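Have a look at the structure below, then the notes.
The values are calculated or read from the model by the stated rules, or taken from the named source; none is laboratory data. None of these values were measured; they are calculated from a predicted model. Cβ sites come from the backbone with ideal geometry, for glycine too, and all protein chains shown count toward neighbours. Heavy atoms of the whole protein, side chains included, go into the accessibility calculation; ligands, DNA and RNA do not. Shrake-Rupley method; radii C 1.70, N 1.55, O 1.52, S 1.80 Å.
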Amino acid sequence: MKSVFLDRYRQLGHELTGDETPSKSLRVNTLKAESEWLLERLIELGVSLRKIDYLRDGYAIEGSPFSLGASFEYLLGYYNLQEAASQFPVEALGPKPGDAVLDMCAAPGIKTSQLAAHMENKGAVVAVDVDRSRLYALENSLERCGVENCVVYHSDVNELDFGEIRFDKILLDVPCSGNYIIDGDWFIKRSLVDVERNAERQRGLLETAVGLLKVGGVLSYTTCSLEPEEDELNVQWLLDNFDVELREIKGPGSRGLTEVFGEKLDDDVGRSMRFWPDEVGTQGFFVAEAVKQ
Amino acid sequence: MRLLKKFLEGVGSSLTVDEERLLRINNKRFTVGEELDNFIFRWDNLVYAGKLLGKDRKLFHPSPTLLQELASEQGPLNKVHVNRETGWLFVCGRDVFEESILKKEGKFEEGVLSLVMFDGSCLGYGRVESFQGKRILKNVFDIGDFLRRERWRT
């Protein structure tokens, strides 16, 4: 399937080799540590870091004499290992202290703790995931990072009765096909049938998310898939079926595609953002933000 | 609550917990801020809420958050300060020998609980015991537990 997918990316304007690898990065957990203090501490230990200019708390790891996933500083929750592109959606969504935020497919919880950090542990993050085994990692992450404004449910989000509750912001980081940058066997495991199946499931989650959003609230739809069926085509479906407007996303990636394999989409879909590995040096990623009217 | 109070007394802490804000999910104890009240509506699916204080088993097992809060307390709390090397051995599950301790605060006598501190951060806690005629701090909990939990589940 490798050639099929690479040919699709070529049609979308990108000559990828299939061998790209992402750089490693970390995020300072501002609930527990100040950046300057932590950086001094890590540099003293021989870690080489470079600030990522489009992220508030993100640093590229250029070298380390030890495993950064097993240090005092990691275990004490002073930082998280989180790929740069995956830090971007919360950064763009910009949750504020006091907001009510829903994290719909929350496990393993790296972005949940990032939401809490932006909110300075004030307001509420409701984190939901259907997979109990992945929620243990989320619980550990919240505990290690000192998150105190989060409620976690093990459930299909459709089976929870939220009553009158509606959210200021929703992070919908949907289960997706992923991308080959972070999974060496990706081309062997994936097919276009998978992509279609995932896209359909994602549309169901989008519908639920819009229903739980306040008028004027912002829905962040994000995937780590490069496949347009899971990205721009789903955003087009969202625009066609709900009273939402897309918010322009500014960042290091490309504008969302407005023409996919010969199919013309609304110009507004271009307000979303794509992270192509050959452009940004991260894994593949997609972010769109919709404001409920 | 009884086990939590017993633990706090054991380390010499005067911390008080607002019982009105306590919440129990299985064997885990949390305190929940008022802002979260409206979002707790489905008990059978709830797995985590607010600030984790620790877990009740036969004894109370404090969370790292509670330990760090205790470590920041002023007063006669039992603490031992260690260097990075001793601290790392402790985080790997080892006990702390008395001669490896750089500084002691509060009590260090058989049976008492004491926090293990490195560079202002709490790495866990232990109980003072005798071993081959020497006093050691027997590891009860350390933050390396986060890595062991992940390994155990995978």
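Take every DSSP beta bridge whose two residues both sit in chain A; close to 60 percent of them are antiparallel. Taking a ≥ b ≥ c as the square roots of the eigenvalues of the Cα gyration tensor of chain A, is the shape rounded (a/c under 1.5), prolate (a/b larger than b/c) or oblate? Oblate, since a/c reaches 1.5 and b/c is not below a/b. With a 10 Å cut-off around each Cβ of A:180-193, the average count of Cβ atoms from other chains is 0.
Gaussian network model of chain A, Cα springs within a sub-10 Å range: biggest mean-square fluctuation belongs to which of A:S272, A:S254, A:S48? Among A:S272, A:S254, A:S48, the largest GNM mean-square fluctuation belongs to A:S48. Taking all protein chains as shown and a probe of 1.4 angstrom, A:E120 keeps an accessible surface of around 100 Å². Taking A:N234, A:N149, A:N158 as the candidate residues, the one with maximal mean-square fluctuation in a Gaussian network model of chain A, Cα springs under 10 Å, is A:N158. Scan the stretch B:1-77 for trypsin sites (Lys or Arg not before Pro) in coil per DSSP, keeping those whose Cβ has at most 12 other Cβ atoms within 10 Å, and list them by number. Counting only loop positions with at most 12 other Cβ atoms within 10 Å, the trypsin sites (Lys or Arg not before Pro) in the stretch B:1-77 are B:R57, B:K58. Amide H contacts of A:C150 (H built 1.01 Å from N, in plane; Pro and chain starts excluded): A:V125, B:G50 sit under 5 Å, all sequence-distant by 5 or more or on other chains. Measuring r between the beta carbons of A:D267 and A:E207 and using R0 = 22 Å, the FRET efficiency lands at 0.40. What percent do you get for the relative contact order of the stretch B:1-71 when only Cα pairs under 8 Å and 6+ apart count? RCO, the stretch B:1-71: 29 percent. Here, the stretch B:2-69 has an Rg and a Dmax of 12.3, 37 Å when only alpha carbons are counted.
Just check the stretch A:1-121 against the gyration tensor rule for me: Cα atoms, a ≥ b ≥ c as the square roots of the eigenvalues, rounded for a/c under 1.5, and otherwise prolate or oblate depending on whether a/b exceeds b/c.
It is oblate, given that a/c is not under 1.5 and a/b is not larger than b/c.
Relative contact order for chain A: 17 percent, from Cα pairs under 8 Å spaced at least 6 residues apart, divided by residue count. Rounded to the nearest Hz, the phi-derived 3J(HN,Hα) couplings of the stretch B:2-9 under the Karplus curve 6.51 cos²θ - 1.76 cosθ + 1.60 (θ = phi - 60°) are 4, 5, 5, 4, 4, 5, 4, 5, where x marks glycine and proline.
On a per residue basis, the convex hull of the C-alpha atoms belonging to the stretch B:31-96 measures out at 156 Å³. Inter-chain neighbour count for B:43-56: the average number of beta-carbon atoms from partner chains within 10 Å of each residue's beta-carbon is 5. Mean separation of Cα pairs under 8 Å and 6+ residues apart, divided by the residue count of chain B: what relative contact order is that in percent? Computed over chain B, the figure is 19 percent.
With a length cut of 24 Å (Cα positions projected on each helix's long axis) and a Kyte-Doolittle mean of at least -0.5, go through chain A and give me the DSSP H helices that pass.
Span-like helices, by this rule, are A:192-211.
Highest mobility in the GNM of chain A, judged by mean-square fluctuation with C-alpha springs under 10 Å and restricted to A:V269, A:V90, A:V215, is found for A:V215.
Remark: for residue pairs A:K214/B:K28; B:K6/B:K79; A:K111/A:K292; A:K32/B:K55, the C-alpha separation exceeds 28 Å in A:K214/B:K28.
Over the C-alpha atoms of chain B, the Rg to Rh ratio, Rh being the Kirkwood estimate, stands at 1.00. The alpha carbon gyration tensor of the stretch B:78-149 gives principal lengths a ≥ b ≥ c with a/c of 1.5 or higher and a/b greater than b/c, which makes the shape prolate. Computed 3J(HN,Hα) for the stretch B:99-105, one whole-Hz value per residue from the Karplus formula 6.51 cos²θ - 1.76 cosθ + 1.60 where θ = phi - 60°, is 5, 8, 7, 7, 7, 10, 10, glycine and proline marked x.
Peptide A:124-136 shows a mean partner chain C-beta count of 2 within 10 Å per residue C-beta.
May I ask for the net charge around A:G146, where only other residues with Cβ less than 15 Å from the Cβ of A:G146 are counted and Lys, Arg are +1 while Asp, Glu are -1?
Summing Lys and Arg as +1 and Asp and Glu as -1 gives -3.
Put simply, the C-alpha atoms of the stretch A:80-217 give a gyration tensor, and the ellipsoid matching it has half-axes of 25, 19, 14 Å, longest first.
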